[in-house]
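This report concerns only the one structure given below.
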Amino acid sequence: MSVKNAEATKEDTTSGYEVQYTNSSKDIITEEYNIVAVCSGLHNTPYIPDLFRPSPDTKNDVSNKFKGTIIHSSEYKDASIFANKRVLILGCGETAMDIAHRAIMNPETESVALSVRRGFLSIPHNLAKDRPLDVFITNLFEHAYEHPWIHALRLRWWLSTIFIRLFLFLTGSSWGFNQWAAPTKPVQRGYHIINKSHAAMSHMNVPIKSQSLWGRLWMWAYGETDLKPIQTFHQTQVEGIEEDGITVKFSDGRSYEADLIVLATGYKQSFPFLDDKIRHDIQEESLTDGSSYYLEEDYLPSEHFIVSKSHPRLGFIGFIRPNVGAIPPMSELQAMWWLEHMKGRTKKLTKKTGPPSYMVLGQKYRYGVDYGNYMHRVAEEIDAAPTLTTLAKSRHPIKALYTYCIGQSMISLFRLQGPYKSELCWEVVIGELWRVCLKRGVLENCGLLFMTFLSLLMNITACVLECVWCIITFRKPKFFARY
């Protein structure tokens, strides 16, 4: 049986949800479930900007005036569509960069241009052979055992930014990894969903680097001298189409002749199968937390983007976007939290006013989160975040402590204790994940240890200041209280 469409039409805390779906024979089946999980994924409803939506009342409607072809990136299947075409790609996410690279690598493509309204931060997913980007992020004093004052001031992120910008500068530009085109501001830790698709960047660099001797030197260093260029329209947006039907006008006065426009403009949250009342309840609850979404976009629940208070048995799994990291391990932790939440076994930790501490500061996406921070804050509420004591009492304390403290927030770490602890995960931590840390190399490990040591000094200073403050105000110190 394949579910083509499901519609929750009734919510009741005792009887559950009434779900309708069609089977393979096109029969409408109605069944009742106590619990419903929404797992339809982030990328299901393409977002089309207003300018590209057919509308006879819009004077500058691109879809009516443009004589070429307009597709959304979700429709892209094969690079053969670029043959003999002047291609314009709108967007600056990983999909836009992938399509731009496939277009420019097709020898029959006439030209390629990328329209980038605000810019982006580009760092390849592999900084070196077999060393993915997310293994260069640590847990200790950044996601765990970080003094509340240090976190409030974002001092660890500020410290990390210094080293990140220095490293990026050594690649030829401090705006991104060998990124001369379409930079964004500010380039700071915790502000951006990092674009990890880097193949098209060298082609985008060519028009900029070729204008100066310094740039041409870097072109030679990276072997970019013979690359076909990709033109970049940065900090501008499409304004309309000229009368010839092929010239795309931009808001800064520039133009580009195109035969094919690819809208790599992303997707929006959409749950058309949910009853209007359910969607309204979730939206009203989210609005009290200051949420802002695309117009016409459905809202996600307010509690870790998993459930709403009014619908605790309707779970949303896998709808968050991490800055660095993967969605599947976050989804696993979300499922663990949701199960405990329905059993009434989640802890209500003290919550400060304002957005959660794990939110990405740039706010490109309302559901964009800092990966490690999110994993820890969710895990803490079900006692699944590993403590240093638990790690120190293991069969291999050195391996376990190092893997956790100087490693990334892998899902196995959150199954060492708590309701879903597993001996198999212990073997993964002291085996596979330990080897990942070693594989970074001596230089990288020493650098991460140095960063952790500086963070330790900052946190000790904060603890001393807090002790003085508590003596003056007769309060009880919290020190490394998790939040």
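The values are calculated or read from the model by the stated rules, or taken from the named source; none is laboratory data. These figures come from a predicted structure and were not determined experimentally. As a convention, Cβ positions derive from the backbone with ideal geometry for all residues, glycine included, and neighbour counts pool all protein chains shown.
Here are some notes:
- Test: residue in the stretch 370-387 that is under 26 Å from Ile193 (Cβ atoms), surrounded by fewer than 21 Cβ atoms within 10 Å (Cβ to Cβ) and touching a strand residue (DSSP E or B) at 6+ places or on another chain (Cβ under 6 Å): no
- Residues being loosely packed, with under 11 Cβ neighbours inside 10 Å and β-branched (Val, Ile, Thr) - total across the stretch 425-463: 1
Let's see how each residue does on (1) charged (D, E, K, R); (2) touching a Leu at 6+ places or on another chain (Cβ under 7 Å):
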| site | (1), (2) |
| --- | --- |
| Leu227 | no, no |
| Thr236 | no, no |
| Gly240 | no, no |
| Gly245 | no, no |
| Lys249 | yes, no |
| Gly253 | no, no |
| Glu257 | yes, no |
| Leu263 | no, yes |
| Tyr267 | no, yes |
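- Residue tally, condition small (Gly, Ala, Ser), surrounded by fewer than 20 Cβ atoms within 10 Å (Cβ to Cβ) and not in a helix (DSSP H, G or I), over the stretch 120-162: 1
- Members of the stretch 75-117 found to be more than 17 Å from Ala182 (Cβ to Cβ), touching a residue at least 60 places away in the same chain (Cβ under 8 Å) and of a type in the set (A, V, I, L, M), listed by number: Ile81
- From the options Glu296, Glu285, Glu257, Glu242, residue that is of a type in the set (Asp, Glu), in contact with a strand residue (DSSP E or B) (Cβ under 8 Å, 6 or more places away or on another chain) and exposed (fewer than 15 other Cβ atoms within 10 Å of the Cβ): Glu242
- Number of positions in the stretch 193-221 that are in contact with a Pro (Cβ under 9 Å, 6 or more places away or on another chain) and touching a residue at least 40 places away in the same chain (Cβ under 8 Å): 8
- Filter pass, Pro355 being under 23 Å from the mean Cα position of the chain (by Cα), at negative phi and surrounded by fewer than 16 Cβ atoms within 10 Å (Cβ to Cβ): yes
- Here Leu349 meets the list (1) among the aliphatic types (A, V, I, L, M); (2) at pLDDT below 85; (3) closer than 30 Å to Ala100 by Cα almost entirely, failing just condition (3).
- If you go through the stretch 391-400 and keep only what is surrounded by fewer than 18 Cβ atoms within 10 Å (Cβ to Cβ) and either within 22 Å of Pro132 (Cα to Cα) or of a type outside the set (Ser, Thr, Tyr) (or both), you end up with Ala392, Lys393, Arg395, His396, Pro397, Ile398.
- Complete set of residues in the stretch 68-94 that are among the basic types (Lys, Arg), more than 15 Å from Ala264 (Cβ to Cβ) and either part of a strand (DSSP E or B) or at pLDDT below 95 (or both): Arg86
- Looking only at the stretch 401-424, and only at residues there that are aromatic (Phe, Trp, Tyr) and surrounded by 23 or more Cβ atoms within 10 Å (Cβ to Cβ), the one that is farthest from Ala152 (Cα to Cα): Phe414
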